[in-house]
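The values are calculated or read from the model by the stated rules, or taken from the named source; none is laboratory data. Here the structure is a predicted model, which means the values were calculated and not measured. Using ideal geometry, Cβ is built from the backbone for each residue, glycine included, and neighbour counts are taken over all protein chains shown. Quick note on the areas: whole protein, heavy atoms, side chains included, nothing else; ligands and nucleic acids left out. Shrake-Rupley method; radii C 1.70, N 1.55, O 1.52, S 1.80 Å.
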Amino acid sequence: MERIKLNAAARNQLTTLKRRTGIEHNNAICRHALCISLANPSIPPEETFSFGGGIEIDWRTLTGGEDALYYNLLVVRLLSEGRRVTEESIRQTFVLHVHRGLSYLVSRREDDLLVELGRALVAAQ
């Protein structure tokens, strides 16, 4: 994967989350959104996205240099769901989970969001 496309709603959610949290970079928020969604055992609903007015993020930038880690997380998720692992299924799974994760994050109360993000940052150190 070279570039990842997110739709206009995701772009707006990222803007809101950046304003609410003070986190400057979309890639950090997207990584967190991906992990939150992957932690939920339910399968995100299938969606057809229109990427007009959205954004593109470089895969390597988004993964923070941990390409193999995030790629393998997506492969494990596909296998756990009994789905076929292809480049397209990995890309689609990524897009579905980031969009769902952004929705989770933006729907949280500001205090809850900041506490959760703070805990995640501390745990990562």
- Filter result (open to solvent by less than 30 Å² (accessible area, probe 1.4 Å) and of a type in the set (A, V, I, L, M)) within segment 12-35: 14, 17, 29, 33, 34
- Note on the structure: Listed by range, helices (runs of 4 or more DSSP H) wholly within segment 33-125 having at least 3 residues that are closer than 17 Å to residue 6 by Cα and either modelled with pLDDT of 95 or more or out of contact with any Cys (no Cβ under 8 Å at 6 or more places or on another chain) (or both) are 59-62, 87-107
- Message: Based on this model, can you work out whether residue 50 counts as free of Cβ contacts under 8 Å to residues at least 12 places away in the same chain and open to solvent by 30 Å² or more (accessible area, probe 1.4 Å)?
- Response: no
- Identify, by number, the condition in (1) within 13 Å of the chain's Cα centre (by Cα); (2) open to solvent by 30 Å² or more (accessible area, probe 1.4 Å); (3) under 11 Å from residue 100 (Cα atoms) that residue 43 doesn't meet. (1)
